[in-house]
1. Is there a residue in the range 468-485 that is at positive phi and part of a loop (DSSP other than H, G, I, E, B)?
2. Take the residues of the range 486-504 that are among the aliphatic types (A, V, I, L, M) and in a helix (DSSP H, G or I): which is surrounded by the most Cβ atoms within 10 Å (Cβ to Cβ)?
3. Of all the residues that make up the range 294-333, how many are open to solvent by less than 20 Å² (accessible area, probe 1.4 Å) and at pLDDT 75 or above?
4. Exactly one condition in (1) part of a helix (DSSP H, G or I); (2) out of contact with any Leu (no Cβ under 6 Å at 6 or more places or on another chain); (3) more than 18 Å from Asp63 (Cβ to Cβ); (4) touching a residue at least 60 places away in the same chain (Cβ under 8 Å) is not met by Pro157; state its number.
5. Conditions first: (1) open to solvent by 10 Å² or more (accessible area, probe 1.4 Å); (2) at pLDDT below 80; (3) not hydrophobic (A, V, I, L, M, F, W, C). Thr350 passes all but one, so which condition is the exception?
6. Would you point out which residue out of Val267, Val290, Val252, Val273 is touching a Ser or Thr at 6+ places or on another chain (Cβ under 8 Å) and within 17 Å of Glu39 (Cα to Cα)?
7. List pairs: first residue in the range 479-491 and hydrophobic (A, V, I, L, M, F, W, C), second residue buried (at least 21 other Cβ atoms within 10 Å of the Cβ) and not in a helix (DSSP H, G or I) anywhere in the structure, Cβ distance under 7 angstrom, at least six positions apart or on different chains.
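The values are calculated or read from the model by the stated rules, or taken from the named source; none is laboratory data. Just so we're clear, the structure is a prediction, and the values are computed from it rather than from any experiment. FYI the Cβ positions are ideal-geometry reconstructions off the backbone, even for glycines, and counts take in every protein chain you see. Heavy atoms of the whole protein, side chains included, go into the accessibility calculation; ligands, DNA and RNA do not. Shrake-Rupley method; radii C 1.70, N 1.55, O 1.52, S 1.80 Å.
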Amino acid sequence: MIFALKSEERRVKREGVKEKMAGGGVESGGPGKRAHLYEHRFTNYFAFTCIVGALGGSLFGYDLGVSGGVTSMDDFLKEFFPDVYRRKQMHLHETDYCKYDNQVLTLFTSSLYISALVMTFFASFLTRKKGRKASIIVGALSFLAGAILNAAAKNIPMLIIGRVLLGGGIGFGNQAVPLYLSEMAPAKNRGAVNQLFQFTTCAGILIANLVNYFTDKIHPHGWRISLGLAGLPAILMLIGGILCAETPNSLVEQGRLDTARKVLERVRGTKNVDAEFEDLKEASEEAQAVKSPFRTLLKRKYRPQLIIGALGIPAFQQLTGNNSILFYAPVIFQSLGFGANASLFSSFITNGALLVATVISMFLVDKFGRRKFFLEAGFEMILCMIITAVVLALEFGHGKELGKGISSFLVIVIFLFVLAYGRSWGPLGWLVPSELFPLEIRSAAQSIVVCVNMIFTALVAQLFLMSLCHLKYGIFLLFAGLIIFMSCFVFFLLPETKKVPIEEVYLLFENHWFWKNIIADQDQKISNRKPVATV
């Protein structure tokens with residue numbers, strides 16, 4: 001009976017959607033029956049909870065930035081990877097692309113992401129049963145332990161175990177933080193608020209590059225300082241996680257309705273939250289009926305969310321090639337003929353572009369929408385990858401160093417590539433999936449998002465230097481081809497989600513030119529067929 005009423009209610013909502021559809025998305029505000037009644041005002045409490053939640057990105061970002069810098073430091077290589085150090089110093093007959101091709105060295109980077117994809121499933125259970133806040137606290141503790149162990153490492157096993165603990169922190173943090181931000185944010189500002197995660201990720205990368213630039217001059221243990229300072233954002237996230245509020249969505253899901261109402265009133269800055277609170281309760285009722293969220297995610301009606309949000313976008317975010325540049329920017333620039341300090345400084349510049357681009361995206365994504373950012377920036381990224389491949393094909397290889405003019409030109413091209421990524425696939429790769437999932441599958445789906453993201457992050461981290469060695473400049477053409485494919489994916493399959501309440505995003509798929517045929521019930525398809533003429 002309850003499900004019949006819900007189905008009828010959703011039918012009424014569908015009939016009430018009169019907004020003009022563009023690319024499968026609603027051009028104007030939220031399409032639901034209550035969305036227009038939502039109210040919110042900016043409050044200091046809301047700002048505090050968002051900043052605390054976004055600190056999870058700084059863990060991810062700092063590690064992204066610090067790993068590539070540390071693996072290019074001579075002191076680190078001499079202590080743990082002497083063969084790589086000797087190869088780096090010698091003039092070998094192989095091309096310069098292969099200087100750093102060592103699978104144990106890349107395991108130092110990729111082991112973190114392998115750990116993160118495993119831990120995210122434990123995080124899913126904790127996030128659903130105990131709330132987003134619990135996962136944030138566990139993630140901070142795990143990351144702090146990993147930072148301490150890495151800073152004190154005496155051998156490769158200690159390094160790898162430390163990386164595994166760091167990965168646990170990222171697995172829990174990346175699972176919970178995007179959900180936390182999306183659920184705390186009002187629908188009209190959800191894009192900007194969710195991108196705080198990407199902003200702090202970029203800030204962490206930038207700070208890590210700056211730290212590496214200075215610690216590279218501290219011999220012989222500067223790399224220990226770089227790795228140990230990862231504990232600072234973990235401590236901040238731990239303190240913030242203890243002090244901040246749980247999301248109203250999670251509190252309703254746990255049956256703590258009075259507390260949920262109070263938190264919702266506090267973060268919205270108004271007592272008039274009846275409409276939004278009713279939507280949360282209805283969504284929670286449906287969620288409580290779901291006993292196996294992972295199995296539920298495989299149902300036909302969630303096929304768009306599974307393909308776009310849980311599988312497509314998180315995989316594509318890594319296949320843009322940007323994280324390859326972030327992981328190994330100092331290594332790449334050294335391979336291209338830059339000195340050690342020059343390479344760290346150059347990677348610092350490119351990561352500054354990432355931070356600037358994220359700020360641009362934060363202010364404009366809720367105005368122009370997600371699809372436009374994906375497509376416009378994708379075109380720029382394709383051009384940059386092709387230009388990089390052409391320059392390297394003509395000017396680089398076999399022990400030949402690039403001239404200053406060509407080197408500067410490459411830094412500018414990579415700068416423009418990162419600027420495009422930083423306002424599109426970087427922040428939107430986390431924002432869009434967090435918007436697509438209804439409450440009943442949200443925690444499970446977010447685990448799939450993090451898992452897929454970490455699988456491809458680990459693959460890129462493990463295989464990029466080997467691919468650079470074997471494919472040479474062709475690796476950049478490969479990335480260009482992948483970006484063309486993913487841009488087509490967005491153009492044809494992703495509806496616009498700006499300003500649409502999370503609880504009503506399903507309406508976009510029910511009115512999308514392609515997905516409406518995929519998610520339609522078989523009985524509904526049969527009833528919609530024209531009757532066959534009989535003689």
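1. The answer is yes, given that some residue of the range 468-485 is at positive phi and part of a loop (DSSP other than H, G, I, E, B).
2. Per the criteria, the residue is Ile502.
3. Selection size over the range 294-333: 17.
4. Failing condition for Pro157: (4).
5. (1)
6. Checking each option against the conditions leaves just Val267.
7. Qualifying pairs under 7 Å: Phe479/Thr320; Phe479/Gly321; Ile483/Thr320.
Residue-wise test of (1) open to solvent by 20 Å² or more (accessible area, probe 1.4 Å); (2) touching a residue at least 24 places away in the same chain (Cβ under 8 Å).
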| site | (1), (2) |
| --- | --- |
| Leu238 | yes, yes |
| Leu243 | yes, yes |
| Leu257 | yes, yes |
| Ala260 | no, no |
| Val267 | no, yes |
| Lys271 | yes, no |
